[in-house]
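Heads up, the thing below is written out as structure tokens.
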Number of protein chains: 6
Amino acid sequence: MSNTTGSIADFNEFRTRMNESIFAAGNLTINRFFALDGRTYEAGALGVKTKEMLGLVSSMVLRCDDCITYHVIRCHEEGVTPEEFYEIFAVGLVVGGSIVIPHLRRAVARLEELEAAKGSA
Amino acid sequence: MSNTTGSIADFNEFRTRMNESIFAAGNLTINRFFALDGRTYEAGALGVKTKEMLGLVSSMVLRCDDCITYHVIRCHEEGVTPEEFYEIFAVGLVVGGSIVIPHLRRAVARLEELEAAKGSA
Amino acid sequence: MSNTTGSIADFNEFRTRMNESIFAAGNLTINRFFALDGRTYEAGALGVKTKEMLGLVSSMVLRCDDCITYHVIRCHEEGVTPEEFYEIFAVGLVVGGSIVIPHLRRAVARLEELEAAKGSA
Amino acid sequence: MSNTTGSIADFNEFRTRMNESIFAAGNLTINRFFALDGRTYEAGALGVKTKEMLGLVSSMVLRCDDCITYHVIRCHEEGVTPEEFYEIFAVGLVVGGSIVIPHLRRAVARLEELEAAKGSA
Amino acid sequence: MSNTTGSIADFNEFRTRMNESIFAAGNLTINRFFALDGRTYEAGALGVKTKEMLGLVSSMVLRCDDCITYHVIRCHEEGVTPEEFYEIFAVGLVVGGSIVIPHLRRAVARLEELEAAKGSA
Amino acid sequence: MSNTTGSIADFNEFRTRMNESIFAAGNLTINRFFALDGRTYEAGALGVKTKEMLGLVSSMVLRCDDCITYHVIRCHEEGVTPEEFYEIFAVGLVVGGSIVIPHLRRAVARLEELEAAKGSA
């Protein structure tokens, strides 16, 4: 994702379309991995919100913009507040270092996009 | 950390001794970073337990055994249960892949070491 | 590479142009590295197809989109079938974890681009 | 794994023991991941030997000593020859850079350990 | 950053705008990290030029395009010559491997952009 | 390298022995890579000391203990002072984050080992 990347709608469209291609290819290992990935964030001893926060910070320190976008969206849906988002970002930044900063900027841009959409709804 | 690594007591002794050497060297940037690192996990909008869980999952996906040991100890102190530990491990494993497994094994060994110490106290 | 990246033709044009700039700069270490990189995938005890598959899975787990694009093209030229591609992707996904998924989506998009070009030839 | 690490027997003992602890903990996501990990290297469009070579090169560029040890053992069982091992190592070294060298040294030590065991059998 | 990324002016505009959003959010850990990041490259026992070269090579081996762009700009301001740039790139390439090459291409494109701007000034 | 790792003499002995095994195997790509690796740090537009500092900071942010040990030794031979070492460490720490700290501790232990050897010479 560059600075001038597409919208969250673009992200979702590409994600959905390619997931369908991958699923249709019928590789059993890959399809089971995708199912397992979904299960991982379901409620258990830890709640969904906590698990999504764990997914977000993991995505930040591994510096994967698409993964960050996905978990920012999910955390937002689970009611993570802006103050909480910034505390997750702070852990990611201190653990991962200044190399995380470009991804932090794009995460904040995503968060602003989500807040703007909520405000205009 | 190899499979046949030292105990948590060894880990803590080396950590404390080297932190003192680093602090004594008087590099202002490094000393401020260490102070900032400590602050990052203090209670804020998110509680200490949640922040330590974020630190643990970050350490797993980045595959840093010493960091995992540190956060396993801190999570254990904050009352993270075995079931919760394994759910954090599950997120780290699915996000980071099978490359995380050797670190998962050592994390579990640390957890068993802590549980054994508690049982014998 | 973002979701809305350029075509394989764009990729090749930029790659060729910058390789020429790099070569012209005359840094001996860099130029020898490029030569060595080319040699690495030549037939030896292992065939070219196997070596390109090794290059592809390495690029996936290291999450480098341009490297993936390059090795998808080369594997395709060496006759790797769609079923084989997906088995390489499966190893990359399980070893590298869900963090690989965005790169998997883009790899599949590249593969579809190559298959479409073949179909229309 | 340090330079003066334990033997392959030590590696296998720790690996088996901790896998049993992990399995006994009963986390469904983790247990399914382990099952999926095993499936990934079964014969399909690509043979087992090829898949194990893909696992080995992935482990090298991600610089995971335990994963390298595991796949060196498995490749050796599948009949990968010393010349083939070195060509896999060459791809891993050129893709991953000099940072891979310490892991290459330990991979070669593992290979020598396996060859010595075969010679003395 | 894709092959067809924006200009340095675009990079700077996005960087400045998002840094302002981040600062305004008022997270103390993050704001202190940003201040510390700035301090790190100030003259000390090592000069600013040397420190910026350290920042550049670190960004290359960690494969962060935005970080590379930032340090290429700063090194250029500090008088790093094209020959010196290529020697930094050579260290980054040999340490980090062929996976660094796509980032090297984009670093060279940035350097050409800066040289062209200087020539036209 | 664990906390209770071997001495620099152990490191050098293992390194030399395995390099000889690797060289003797006669893989042309690997042997050329090793030669190229050596050349990379020779004097050019940048001096040897600067290049070794670049190698050290790269090794820190990539978190490779053996690579750090090697470059700490070489930097020490080139006359890098303790104050300069700590400024290199500071760049590595801020760029790479707290995940670098365990490696920083071991780097400092190596530096102390070298200073102690010098003092006792």
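The values are calculated or read from the model by the stated rules, or taken from the named source; none is laboratory data. All values reported here derive from a predicted model rather than from experimental measurement. As a convention, Cβ positions derive from the backbone with ideal geometry for all residues, glycine included, and neighbour counts pool all protein chains shown. To get the accessible areas, we keep the full protein, side chains included, count just its heavy atoms, and leave off ligands, DNA and RNA. Shrake-Rupley method; radii C 1.70, N 1.55, O 1.52, S 1.80 Å.
When segment E:47-60 is filtered for residues that are of a type outside the set (S, T, N, Q), open to solvent by 10 Å² or more (accessible area, probe 1.4 Å) and facing chain F (nearest Cβ under 7 Å), only E:Lys51 remains. If the condition is being more than 9 Å from chain F (Cβ to nearest Cβ) and either basic (Lys, Arg) or touching a residue at least 12 places away in the same chain (Cβ under 8 Å) (or both), then segment B:12-46 contributes B:Arg32, B:Arg39, B:Tyr41. Among the residues of segment D:95-109, what is the count of those that are surrounded by fewer than 21 Cβ atoms within 10 Å (Cβ to Cβ), aliphatic (A, V, I, L, M) and closer than 22 Å to E:Val61 by Cα? Total meeting the criteria: 0.
Among what's in segment C:69-81 and is in contact (Cβ under 8 Å) with a residue 12 or more places away in the chain and not in a helix (DSSP H, G or I), pick the residue that is surrounded by the most Cβ atoms within 10 Å (Cβ to Cβ).
Residues of segment C:69-81 that are in contact (Cβ under 8 Å) with a residue 12 or more places away in the chain, as a first pass: C:69-76, C:78-80.
Then keep just the ones that are not in a helix (DSSP H, G or I); that gives C:78-80.
On the way: C:Glu78: 15, C:Gly79: 8, C:Val80: 22.
Top of the filtered list is C:Val80.
Every condition in (1) modelled with pLDDT of 95 or more; (2) out of contact with any His (no Cβ under 9 Å at 6 or more places or on another chain) holds for B:Ser58 except the one numbered (2).
For segment E:82-94, the criterion of being in a helix (DSSP H, G or I), farther than 25 Å from D:Ile99 by Cα, open to solvent by less than 20 Å² (accessible area, probe 1.4 Å) and of a type outside the set (Val, Ile, Thr) is met by none of the residues.
I'd like the full set of residues that are outside any helix (DSSP H, G or I) and out of contact with any helix residue (DSSP H, G or I) (no Cβ under 7 Å at 6 or more places or on another chain), limited to segment F:95-121. Outline the logic, then answer.
First pass over segment F:95-121, keeping only residues outside any helix (DSSP H, G or I): F:97, F:120-121.
Residues satisfying the conditions are F:Ser120, F:Ala121.
Note on segment C:1-46: among residues that are hydroxyl-bearing (Ser, Thr, Tyr) and open to solvent by less than 50 Å² (accessible area, probe 1.4 Å), the one that is farthest from A:Phe11 (Cα to Cα) is C:Thr29. Scanning segment E:96-121 for residues that are among the β-branched types (Val, Ile, Thr) and in contact with a Cys (Cβ under 8 Å, 6 or more places away or on another chain) yields E:Ile99, E:Ile101.
Restricting to segment B:45-99, what's the tally of residues that are hydroxyl-bearing (Ser, Thr, Tyr) and in contact with a Lys or Arg (Cβ under 9 Å, 6 or more places away or on another chain)? Write out each step before concluding.
Of all residues in segment B:45-99, those hydroxyl-bearing (Ser, Thr, Tyr) come to B:50, B:58-59, B:69-70, B:81, B:86, B:98.
If we keep only those that are in contact with a Lys or Arg (Cβ under 9 Å, 6 or more places away or on another chain) too, we end up with B:69-70.
Going through segment B:45-99 one residue at a time, the tally reaches 2.
Against the conditions (1) at the interface with chain D (Cβ under 10 Å from one of its Cβ atoms); (2) open to solvent by 30 Å² or more (accessible area, probe 1.4 Å), F:Asp66 satisfies every one except (2).
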